[in-house]
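Let me begin by presenting the structure, written as structure tokens, before commenting on it.
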Amino acid sequence: MQEGHQTAREDLILEISHVTKIFPGVRALDDVGFTLRRGEIHALIGENGAGKSTFIKVLTGVHQPDSGTILLNGQQVRMTDPLVARRLGIAAIYQHLAAYPHLSVAENIFMGNEQLRPPGFISWRNTRRRAARLLQSLGSSIDPAAQMGELSVAQQQIVEIAKALSQDASVLIMDEPTAALSLTESEELYSIVRGLKAKGTSVILISHRFEDIFSLADRVTVLRDARYIGTWDIDEADSALLVNHMVGRSIDRFFPQKTADIGEELLKVSGLGRTGFFQDVSFSLHAGEILGLTGLVGAGRTEVVEAITGVTRPDYGTITLMGQQVRFTRPGEALGRGLALMPEDRQKQGLLLPWSIRDNVSLPMLDSCRKHRLLSQAHINRMGSHAIEQLAIKARSGLDTADSLSGGNQQKVVLGKLLSSSARVMVMDEPTKGVDVGSKAAIYQIMCDLAAQGFGILMVSSEMPEVMAMCDRAVIMRQGRVSTILDRADFTPEGILRASMPLERKEETPA
Amino acid sequence: MSTRQFKPLRLGRLLRNRELGLTLVLLALIGLIGLRNPAFATPGNLQFILGDTSILIVLALGMMCVLLVGSIDISVPAVMALSAMTAGIVMKNNLVQADTQVLVDGALTAATVKTSTPLPLLLLLAAGVGAACGLLNGLLIAYGRVLPIVATLGSQYILYGLSHLISGGQAIYRKDMSDAFIQFTRGNVLGFNSKVLIMLAAFLVLMAFINYTRYGRRLYAVGSNAEAARMSGINTRAVTLSAHTIMGLLAGLAGMLYASHDNKVTQDMAMGYEMYVIAACVIGGVSVTGGVGKITGVALGALTIGVINNGLTMLRLTGNSEFWKKAIQGAVILIAIITNVYIKRAHERRVLRERRL
Amino acid sequence: MASVTGKLPAFLRRREWLLAILVLLTYFLFNAQRPDNYTFPKLLNQTRVYMVDVGFMALGMLLVLILGDIDISVAATAALSATVMGVSYRGGEGLPFWAAVLLMLLTGLACGLFNGLLVIRFKELFPMIITLSTLTLYRGIAYIILKDQSAGSFPAWYAKDLGYGSLPLMGLEVPIMLLCLLAVLPFYYLWLHRTASGRRLFAAGTNLTASRYSGLHTDRIKLTAFAMNGLFAAIGGFFLTSRTGSVKYTIGTGFEMQAIAVAVLGGASTSGGRGSVAGLLLALVLLTALKNGLMLLYNDAFILNLSVGLLLILVVLIPNLFQALADRRRILRQRMQLAK
């Protein structure tokens, strides 16, 4: 632990002690300490709600701590607003990209740090030129004049790094930088981060992915319930130890044993295509089967499941659901025929956040909650408590609002909503994205139970371990086409990765 | 990357250039109306249209700032009324009439000269009142967290009521105005109507502000991603506040132009005018959700409305009736906005088709 | 972050209570000023002027506001519908009156449907922009039909009995118009707050995307809300005309803002997902009491509007300020605890 690594004071670029931050009704940080050495990559991990985001915001001056001290290069500093932090050389790349989608790449990089020329006007030529130089130094050929919103997530991430570099940051904070990136994109990011480290930049890396931590970090600190738990050198930590500290208890079996038998064919997709997004996609899904749909972000996976479930309309191809050819114009139709979609973004697409659990769960099935043509509150209550019981949602009652729940429990409410319908095919788009370790295991268990009940599950996932442990077969997509379909016996990380990789790699400029 | 690959990209960007498209539409409109009535496309009439549209452009520039930060202001006409009324009352109270003799056709004729508070002072007063109204709207929206539509709907009622209160129910007519004020929008400087000159000044100042200063760019930043702006140290509330203040200031100025143009200030002056202002912005490519819009586009959007407006009169389709004109105008604006949507959609489809899988 | 509930008395945050208190305050204030002219029976009589037509329009507007949309064309819709009725009846020489009324309702429905179709077909545009243009369109059509003329000479039962008649109820003379509005309210309430389709309207307004993913037919919900809004606008126009006795194309100018004001005062939010029938009724009563009093004291439409605007802003602003204050006090208290 901390005491084991006596570090000379002058080696520390950042030293944080006893920091507490209070929000109305919650302690978001409770007496937290943290040290960052010069030129080190220090991973910060913890479940959702452990206080990581608040920690960063305190460091970048977005929030001011209610007590505690921050020493930068041995000097006590007070970050009264984000501009102060930036001047002190602390830059952050936020989890939900903090980009301006309507503005150009160059302007994004220099927003707040404008390239001025004498009378105080912005020099657009210098802005573009310096942006191009920064991007080149990162080995990227992104056009500085391109509109930010039209770049891929990975490219936006690079622009964000360029932005941090433009401020000559000595401390760089990266919040879940790889969350939306594929393996290859992550690898590219790793090499950029290592390059920064070599130049003496200190990095605080926040991540859910253990691959990130073990391949990059020198030390790792765990936060739990807004408190500091401990710091370890990376060679003395392993994932089991970290998970135990993050969750506060040990998880025996992360991935459950799948016992379901494969039954009849439920869903068959052939030759499906949507102009500009994907083409010629064919696969089938059986009862009791968990079918993975994987590939790099942007390969068209989400677009495929959206076209199947009626969110969008495919331009060609056929969809056969339980023996009948179907084509849905909206998700409601699909749900009515037994095909449910659990969307990727639970906050925007999955839930009515200000509504209670029971109202969320009952929403698709309101017609069945009627008594004398009016809604029966008793019936709705029953549906809510049933979901809470069945899915072990952590809440005081069905009246708790969705936005008061943790990410994992929110995801369970979305599931409960779909289960209240009479679905037999469940399409799950990134079901464990941004979900804490404990809830992840619970969601995996639910998936296995559903499969055992005869559900067919199509799971879109970017997480290689998840695909390999959970799926019976996996459809691997690249560049809008199915590259291969693998059986469980043939799963290897290299095989899946090879099938995902674009045939010719080059960075594309947005049109 | 070969140059051949680059070409369609450039073309795509050119096609998406809204200002170019709008200019073409504008020219086509002028040509078409000119074919039906040759008097329309004469330089004289076009200059008249420019003068006539100046007020709309000035207001649309302000509205653009407000829309950019993701807000809206429907109290614009009420701000115009209150500012013009305040200045009008000051002018009326300080009015001095003097009988003199002026030279008309070589003979001395008796005439009355009306003087009052100097015009620049009046303009400053109106702009100040307008800015104060805008500031108030901005405070309600940015600091009181009242939704923009509700806040400005309420302030529209209040400001119209106030302009009625201070006027004591008396409108300001030509007889209450100084000669300088009456001549204000009729005078020509360097061959341009003074309305056009004021509009040009506002346009240039705002263009420099919005495109070349860091404060101007913050309007875009806040509208594009308010959360990101906040995290990078931009005071989003202050930015919203200043956008509304700019809108108010320009509305105050426009109120004076409107009053001088109409030779009167009534308590319900310019009622309903906000619609044209918002429509000009939308046609000019400003997004109502914030973050998108160019100042040249807004000017062109306002001009398009001006040309349609004037064209409908020139075509004599509508007789002399204001409301006939309004009915058709509503339809035309609707068609313009919808056409705009179809063009955008077609462009998106083309981009999708060109995308390599 | 957990949702915050400060120390502010909970009932004050229920809009309905705030409104009820304001109603009583307004009543006693004006009653003290003008004890002879500002009395409950007289107020009741004035509801025909201030409450019924705007009330019906607000009922429609509430549906659209719950969706998070807005419709500025309601008054124009009412004007066009009334114009159609007046012109087709032609003072007794045209269609029979029932047919003219039917045609009027259909016109309102058609205007609302047109708005709704535009809204769901062109999602890139905003209802605000769309209905701003249909506003001029509808009123323009009314003008084209009617020119500067007015249409009137309606049957006596309509222009007189409905417009000015009242029924004795428990010793009070209650305007028939008001009874019509009050008769509709229970059904409207049950539909909005107690049925599946009412619940779906709230869902769509809270989060349209999530509602669509949850299987709701969001386009149909929107279309229905806009169409019903058109219908309610026509009904509002119907009662407005019975009061004025004749139709001009300018009839009901500015009523859209009043309808929005009533719905927002009653607890609806232009960002959607909120709204209550009880609140709406109380807001209507409050405005009636206030306007009537102001009219007695000042007899000036502008002052009336000024106070409506002020009221609208204050009712929305004050709870916001209280909330901010409560949050701040809460943090201070926690900080003090921390210091100990």
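Some notes on this structure:
- Positions within segment B:228-283 being open to solvent by less than 10 Å² (accessible area, probe 1.4 Å) and hydroxyl-bearing (Ser, Thr, Tyr), in sequence order: B:Ser260
- The set of residues in segment C:304-327 that are facing another protein chain (nearest Cβ under 9 Å) and crowded, with 18+ Cβ neighbours inside 10 Å comprises C:Leu304, C:Asn305, C:Leu306, C:Ser307, C:Val308, C:Gly309, C:Leu311, C:Leu312, C:Ile313, C:Val316, C:Leu317.
- Test: residue in segment B:289-300 that is open to solvent by 10 Å² or more (accessible area, probe 1.4 Å), hydrophobic (A, V, I, L, M, F, W, C) and within 10 Å of chain A (Cβ to nearest Cβ): yes
- Of the residues making up segment B:199-241, those that are free of Cβ contacts under 8 Å to residues at least 12 places away in the same chain and either in contact with an Asp or Glu (Cβ under 6 Å, 6 or more places away or on another chain) or more than 12 Å from every other protein chain (Cβ to nearest Cβ) (or both) number 6.
- The one condition in (1) touching a strand residue (DSSP E or B) at 6+ places or on another chain (Cβ under 9 Å); (2) crowded, with 24+ Cβ neighbours inside 10 Å; (3) closer than 24 Å to C:Thr131 by Cα that C:Gly198 fails to fulfil: (2)
- Residues located in segment B:213-231, provided they are in contact with a Ser or Thr (Cβ under 6 Å, 6 or more places away or on another chain) and under 26 Å from A:Pro119 (Cβ atoms): B:Val222, B:Ala229
- Looking across segment A:356-375, the residues that are within 8 Å of another protein chain (Cβ to nearest Cβ) and either touching a Gly at 6+ places or on another chain (Cβ under 6 Å) or among the basic types (Lys, Arg) (or both) come down to A:Pro364, A:Arg370, A:Arg373.
- Pair list, Cβ < 9 Å and 6+ apart or interchain, from segment A:75-90 residues that are within 8 Å of another protein chain (Cβ to nearest Cβ) to residues that are open to solvent by 70 Å² or more (accessible area, probe 1.4 Å) and assigned to a helix (DSSP H, G or I): A:Pro82/B:Arg230
- Filter result for C:Leu185 (open to solvent by 10 Å² or more (accessible area, probe 1.4 Å), more than 12 Å from every other protein chain (Cβ to nearest Cβ), modelled with pLDDT under 90 and in contact with a helix residue (DSSP H, G or I) (Cβ under 8 Å, 6 or more places away or on another chain)): no
- Only one of the numbered conditions (1) buried (at least 18 other Cβ atoms within 10 Å of the Cβ); (2) touching a Gly at 6+ places or on another chain (Cβ under 9 Å) is violated by C:Pro155, and that is (1).
- Subset of segment C:221-267 [hydroxyl-bearing (Ser, Thr, Tyr), more than 14 Å from chain B (Cβ to nearest Cβ) and surrounded by fewer than 24 Cβ atoms within 10 Å (Cβ to Cβ)]: C:Thr224, C:Thr244, C:Ser246
- Residue list for segment C:26-50, restricted to those being of a type outside the set (Gly, Ala, Ser) and loosely packed, with under 13 Cβ neighbours inside 10 Å: C:Phe28, C:Gln33, C:Pro35, C:Asp36, C:Phe40, C:Pro41
- Single condition C:Leu208 does not satisfy, out of (1) open to solvent by less than 50 Å² (accessible area, probe 1.4 Å); (2) closer than 19 Å to C:Asp71 by Cα; (3) aliphatic (A, V, I, L, M); (4) within 14 Å of another protein chain (Cβ to nearest Cβ): (1)
The rows are residues; the columns are (1) more than 11 Å from every other protein chain (Cβ to nearest Cβ); (2) in contact with a helix residue (DSSP H, G or I) (Cβ under 9 Å, 6 or more places away or on another chain); (3) assigned to a helix (DSSP H, G or I).
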| position | (1), (2), (3) |
| --- | --- |
| A:Val305 | yes, no, yes |
| A:Val311 | no, yes, no |
| A:Phe328 | no, yes, no |
| A:Gly332 | no, yes, yes |
| A:Pro354 | no, yes, no |
| A:Arg382 | yes, yes, yes |
| A:Ser385 | yes, yes, yes |
| A:Lys394 | yes, yes, no |
| A:Ser397 | yes, yes, no |
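- Qualifying residue in segment B:194-215 (condition: among the polar types (S, T, N, Q) and under 20 Å from the mean Cα position of the chain (by Cα)): yes
- Qualifying residues in segment B:122-177 (those that are among the β-branched types (Val, Ile, Thr) and more than 12 Å from every other protein chain (Cβ to nearest Cβ)) - the one surrounded by the most Cβ atoms within 10 Å (Cβ to Cβ): B:Val129
The values are calculated or read from the model by the stated rules, or taken from the named source; none is laboratory data. The model shown is predicted, which means the values in this text are computed figures rather than measured ones. Here Cβ is always computed from backbone atoms with ideal geometry, including for glycine, and neighbour counts include all displayed protein chains. Ligands, DNA and RNA are excluded from the accessible area calculation, which covers all protein heavy atoms including side chains. Shrake-Rupley method; radii C 1.70, N 1.55, O 1.52, S 1.80 Å.
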